[in-house]
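The structure that follows is given in the form of structure tokens.
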Amino acid sequence: MPESSAERNAPNWPVIATILGVLFVACGLIYGLSQNELLTLSGGIGVGLILAIGWWLGADATKILVEKKSLLAQGEVASPADPGTLNKAVGTTLVRDAVRFARSAIEATPNPVLIVDAAGRLVGTNQPARDRFSIDTGQIRFSAVIRRPNLVDAVSDVFKTGVTRTLSIESRVPVDRYERVSIAAFEADQERFVLLSIQDETEARMSERMRADFLANASHELRTPLAGIIGFIETLRGPAREDAVARDRFLEIMHLQADRMSRLISDLLSLSRIELNEHVAPTARSDFAAAVQEIVESLPPDKQKRIQFKVGDDPLWVIGDWDEIQQIAANLIDNALKYGGAQSEVRIILSAWLPRESALRSAMREWDGASRLPLTSPEVDRERLYCTLRVEDSGPGIARQHLPRLSERFYRVEETATGKSGTGLGLAIVKHIVNRHRGGLVVESEQGRGTAFSVYLPQPLELGPVRTIAEVQAT
């Protein structure tokens, strides 16, 4: 803080006291010795001592004044002669402390929080908001981060009126997400800001939809096998009561129908659990090669002989949940063994550390004359590398018109050479697991040659080869 004119012109009392003390002592000594007057000599010495004490006190006062000036410059105290300076200093300190407190409080909030100023700039975010909307230091415009016209208009209205609003928003890409946004205005340092607090309601909405879907699907899909079992029971209690051959045949059919109902209920529950957490991306690291190897080794020996699969010694890390990754591999391998035919071979191929375009080519561009289609795709991330699992069979293949609907619930391609039919939920489960893992699912099929399903999942760069994206693309 610059000095005032009064402070600059103020006398330096310690220096003056020192000079006067030296003069008085000198004069007293000269006069007292020349006149031989002890009183005068004593008086001169006394005056000198008094001035020396005054100099010492003045030095302390000067030290205090210097410390006071330093505190004034820092805005922590103010001169009583300048009340405005006191108010300004205290106000600045309070504002600075309030800002630090507000930032700490926002950062500790578990829900995403964004603060927007009157110019539409983001002036404050917390870590959940930065993760949710992928905000980086270069994105400061609110409309560039959240591209929703209704939400941008709502923020503008709150700026104008100051009335708090609540808005519900839905997202379909990459997964279904339901959120409630609270928008409120507040004043700080004579400026108006708007605070957005985002509450994730996806789990509650999905739980409600899960119950409704489960009841609808279970009642529809279980009706047929239950009707068959009831009919066989009535037959066994009536006309076929004494027919041992018919009894054994009917009991076998009833066992198959009961097993199908059990698998159907298990798949429905599994699908419901996956959909419930689909909006929460996994953070664990799992070895994709080890997960696939474990599934292959758990198959009966006669099925293992039909599988061609070689795995290297190095782990192939992906960002994903171990159990769900195994579920992906189990469903794809089971479908290939079931629908490819009793004698068809199943080929499993794993590729790793590929950019998205290379992973997509590896997943679904192996057969020149085949039909191919992505069933789900991740958001574009140019800095991400992927691991690809491709499962091929040598069965009859699937006609082009069926490809878009393969991942729908209960959709079955009945005209297969094997005549086998599953629950129609296996590929739906794979699709939702892949969605949760922010990966992709593709199909490639050629009638008379076979069908290949592939998934590609993101890999953790910190566990991969020390190479840049450009180096990977060059290879």
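The values are calculated or read from the model by the stated rules, or taken from the named source; none is laboratory data. Here the structure is a predicted model, which is why all the values come from computation and not from measurement. Quick reminder, even Gly has a Cβ in these numbers, built from the backbone with ideal geometry, and neighbours come from all protein chains shown.
Working carefully through the options GLU297, GLU234, GLU275, GLU252, find the one that is of a type in the set (Asp, Glu) and assigned by TED's automatic domain parsing to the domain that holds GLY440.
Details: GLU234 fails: assigned by TED's automatic domain parsing to the domain that holds GLY440; GLU275 fails: assigned by TED's automatic domain parsing to the domain that holds GLY440; GLU252 fails: assigned by TED's automatic domain parsing to the domain that holds GLY440.
That would be GLU297, the only listed residue that is of a type in the set (Asp, Glu) and assigned by TED's automatic domain parsing to the domain that holds GLY440.
Quick check on my filter: what residues within the range 177-204 are surrounded by fewer than 17 Cβ atoms within 10 Å (Cβ to Cβ) and closer than 18 Å to ALA281 by Cβ?
Those that are surrounded by fewer than 17 Cβ atoms within 10 Å (Cβ to Cβ) and closer than 18 Å to ALA281 by Cβ: GLU201, GLU203.
Among the listed residues LEU354, LEU385, LEU406, LEU350, identify the single one that is under 23 Å from GLU275 (Cβ atoms), in the same structural domain as ALA290 (by TED's automatic domain parsing) and at pLDDT 90 or above.
Step by step, each of LEU354, LEU385, LEU406, LEU350 is checked, and only LEU406 is under 23 Å from GLU275 (Cβ atoms), in the same structural domain as ALA290 (by TED's automatic domain parsing) and at pLDDT 90 or above.
Filter the range 159-174 for residues that are aliphatic (A, V, I, L, M), part of a loop (DSSP other than H, G, I, E, B) and modelled with pLDDT under 90 and give the result.
Filtering the range 159-174 for residues aliphatic (A, V, I, L, M) gives 163, 167, 169, 173.
Narrowing further to those that are part of a loop (DSSP other than H, G, I, E, B): 163, 173.
Answer for the range 159-174, where residues must be aliphatic (A, V, I, L, M), part of a loop (DSSP other than H, G, I, E, B) and modelled with pLDDT under 90: just VAL173.
Out of the range 309-331, which residues are touching a Phe, Trp or Tyr at 6+ places or on another chain (Cβ under 9 Å) and surrounded by fewer than 20 Cβ atoms within 10 Å (Cβ to Cβ)?
PRO315
Has the range 135-155 got at least one residue that is under 20 Å from ILE106 (Cα atoms), in contact (Cβ under 8 Å) with a residue 40 or more places away in the chain and in the same structural domain as ALA119 (by TED's automatic domain parsing)?
yes
Please determine whether any residue of the range 367-376 is crowded, with 18+ Cβ neighbours inside 10 Å and part of a loop (DSSP other than H, G, I, E, B).
Yes: the range 367-376 contains one or more residues that are crowded, with 18+ Cβ neighbours inside 10 Å and part of a loop (DSSP other than H, G, I, E, B).
Go through the range 324-341 and give me each residue that's farther than 23 Å from LEU276 by Cβ and among the small types (Gly, Ala, Ser).
ALA336, GLY340, GLY341
Name the one entry in GLU201, GLU234, GLU187, GLU208 that is acidic (Asp, Glu), out of contact with any helix residue (DSSP H, G or I) (no Cβ under 8 Å at 6 or more places or on another chain) and within 22 Å of ARG148 (Cβ to Cβ).
GLU201
A further question on this structure: I'd like to verify a number: residues in the range 290-311 that are in a helix (DSSP H, G or I) and farther than 12 Å from LEU337 by Cα, how many?
Adding up the residues that qualify gives 8.
Select from the range 430-468 the residues that are modelled with pLDDT under 90 and within 22 Å of the chain's Cα centre (by Cα) and write down the one among them that is surrounded by the fewest Cβ atoms within 10 Å (Cβ to Cβ).
Within the range 430-468, the match that is surrounded by the fewest Cβ atoms within 10 Å (Cβ to Cβ) is GLU462.
Same structure, new question: Which residues, counting only those in the range 316-345, are of a type in the set (Val, Ile, Thr) and either within 14 Å of VAL430 (Cβ to Cβ) or in a helix (DSSP H, G or I) (or both)?
Of everything in the range 316-345, those that are of a type in the set (Val, Ile, Thr) and either within 14 Å of VAL430 (Cβ to Cβ) or in a helix (DSSP H, G or I) (or both) turn out to be ILE325, ILE328, ILE333.
Still on this model: Return yes when ARG205 is touching a strand residue (DSSP E or B) at 6+ places or on another chain (Cβ under 8 Å), outside any strand (DSSP E or B), among the basic types (Lys, Arg) and at pLDDT below 85 and no when it is not.
Values: touching a strand residue (DSSP E or B) at 6+ places or on another chain (Cβ under 8 Å): yes; outside any strand (DSSP E or B): yes; among the basic types (Lys, Arg): yes; at pLDDT below 85: yes.
When the stated conditions are applied, ARG205 passes them.
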